[in-house]
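What follows is one structure encoded as structure tokens, with my remarks underneath.
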Amino acid sequence: MWMTIAVLASPDNGRPDSIDVSIVVDILWAVVLPRDRIEHIHVRAGPGQIDVVVYHLTHDTASAVTTVVDLCLRAVQGSPWLRGWTVRGPYP
């Protein structure tokens, strides 16, 4: 199992409480595909960003990075809640 961390950066460097982290978890789960092999998602809000920790069953470092980048990009691009947010990382 791999653990990979990515950061969602706020477009306006918003306060940590500017978005409910439980909503972000729901958004991420909504865009998970079976091929992602995601086991667990944890998020934590910080100043101007949301840290996303993903546990998944990919096969190697390259797959781990690609999986989490793709997951976060699908969430940011597909949700009005995350409009304007950007993805930094991931960090396997």
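Things worth noting here:
- Residue ID - farthest from ALA6 (Cα to Cα), chosen from residues in the range 51-61 that are at pLDDT 90 or above and not in a loop (DSSP other than H, G, I, E, B): HIS56
- Subset of the range 1-18 that is assigned to a strand (DSSP E or B) and more than 22 Å from ARG83 (Cβ to Cβ) - its residue that is modelled with the lowest pLDDT: TRP2
- Members of the range 69-92 that are assigned to a loop (DSSP other than H, G, I, E, B), closer than 18 Å to SER22 by Cα and in contact with a helix residue (DSSP H, G or I) (Cβ under 7 Å, 6 or more places away or on another chain): SER79, TRP85
- When the range 19-50 is limited to residues that are among the small types (Gly, Ala, Ser) and not in a strand (DSSP E or B), the one that is modelled with the highest pLDDT turns out to be ALA30.
- Taking the range 62-80 as the range and being of a type in the set (Val, Ile, Thr) and within 19 Å of MET3 (Cβ to Cβ) as the test, the residues that pass are VAL65, THR66, THR67, VAL68, VAL69.
The values are calculated or read from the model by the stated rules, or taken from the named source; none is laboratory data. It should be emphasised that the depicted structure is a prediction, and the values quoted were computed from it without experimental measurement. Note that we place each Cβ from the backbone using ideal geometry, even for glycine, and neighbour counts take in every protein chain shown.
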